[in-house]
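The values are calculated or read from the model by the stated rules, or taken from the named source; none is laboratory data. Keep in mind it's a predicted model, so treat the numbers as computed, not measured. Cβ: placed from backbone, ideal geometry, glycine included. Neighbour counts: every protein chain shown.
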Amino acid sequence: MRFQAFHRTGPIRPALGRMAALRTRVFTQLTTNSPPQKKDPKLRTTMNPNTTAVILVGYQNDYFAANGILRGVVEEPHRVDSVLANTLAFLRAMAPTPMTLIATPIVLEPDYRALANSVGILDTIKSSGAFKAGTTGAENIPELAAFGDRITYVKGKVGFNAFSNTELDRVLQDRGIKDVLVAGMVTSLCIDSTGRAAYERGYSVKILSDCTSARTPAEQDFFCQNIFPLYGGVLDHQQAIEQLSTAVA
């Protein structure tokens, strides 16, 4: 059985080793002038839909609706529309396959007790009333309804990391998942936090670059070029479809 690093009853040494290796790579990148080594996603081994899952982060009205409370977090909001269009194209291509499709919405109680000591964007979420349980803004975007029960909804997310306070890891384990793709909002926060958490739990991580958006184009480029390659791969939705389709063929 594959070791899961963050089980309360299990040893944590393998996870610590992976985290230490990641810290070493980060330190090396920050203390040298050489750019991070980048791998062409087309050269990576193909992914098997039977053991691959995509984690959809934040596909809710407060981010994606035209009047969403947090739509303005992203400069040039039309980029949010591009993220949605690319994501839907990817889901349509993958829905007929055995690939696991998971959505991890963030829904907060009206008193925002989970954000009692919040700062930064979490404080913005609290002060603006975003993702409040029972509101239209907290609902999943209607476009996801077209996929019916092909999408598994994992509840409980109240912060950046989709694994924290949820059953996400158990769902992935039960389905024998090895490769995790991450898509959604916002690149520098929930996407990075979820990607790192997946890596620390032993999954092979890939970020879908054109299915994610940071607050600015420069921030998006920085994370895709310098941060994500430290613990995973970066590819767009078309490259992901090609890799997964090759495995099916």
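Checking the conditions here, which among ILE121, ILE141, ILE102 is under 22 Å from THR187 (Cβ atoms), touching a strand residue (DSSP E or B) at 6+ places or on another chain (Cβ under 6 Å) and touching a residue at least 60 places away in the same chain (Cβ under 8 Å)?
Selected residue: ILE102, the only one of ILE121, ILE141, ILE102 that is under 22 Å from THR187 (Cβ atoms), touching a strand residue (DSSP E or B) at 6+ places or on another chain (Cβ under 6 Å) and touching a residue at least 60 places away in the same chain (Cβ under 8 Å).
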Next on the checklist: Residue under question is SER204, and the condition is that it be farther than 25 Å from GLY72 by Cα and either among the polar types (S, T, N, Q) or touching a Pro at 6+ places or on another chain (Cβ under 7 Å) (or both); does it hold?
Outcome noted: yes
Checklist entry - What residue, among those in region 157-183 that are in contact with a Cys (Cβ under 8 Å, 6 or more places away or on another chain) and closer than 14 Å to VAL205 by Cβ, is surrounded by the most Cβ atoms within 10 Å (Cβ to Cβ)? => result ALA162
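Residue-wise test of (1) on the phi > 0 side of the Ramachandran plot; (2) part of a helix (DSSP H, G or I); (3) without any contact (Cβ under 8 Å) to a residue 40 or more places away in the chain.
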| residue | (1), (2), (3) |
| --- | --- |
| ILE207 | no, no, yes |
| ARG215 | no, no, no |
| GLU219 | no, yes, yes |
| VAL234 | no, no, no |
Checklist entry - Looking at region 114-123, is at least one residue farther than 18 Å from ASP62 by Cα and at pLDDT 95 or above? => result no
Checklist entry - In region 56-156, which helices (runs of 4 or more DSSP H) lie fully inside it and hold 3 or more residues that are polar (S, T, N, Q) and either out of contact with any helix residue (DSSP H, G or I) (no Cβ under 7 Å at 6 or more places or on another chain) or surrounded by fewer than 17 Cβ atoms within 10 Å (Cβ to Cβ) (or both)? => result 120-128
Checklist entry - Do you know which residues across region 208-233 are polar (S, T, N, Q) and surrounded by 16 or more Cβ atoms within 10 Å (Cβ to Cβ)? => result SER209, THR212, SER213, GLN220
Checklist outcome for this item: Checking ASP179, ASP221 in turn, the sole residue that is modelled with pLDDT of 95 or more and either more than 19 Å from VAL73 (Cβ to Cβ) or touching a Lys or Arg at 6+ places or on another chain (Cβ under 9 Å) (or both) turns out to be ASP179
Checklist entry - Restricting to region 48-80, what's the tally of residues that are acidic (Asp, Glu) and touching a strand residue (DSSP E or B) at 6+ places or on another chain (Cβ under 8 Å)? => result 0
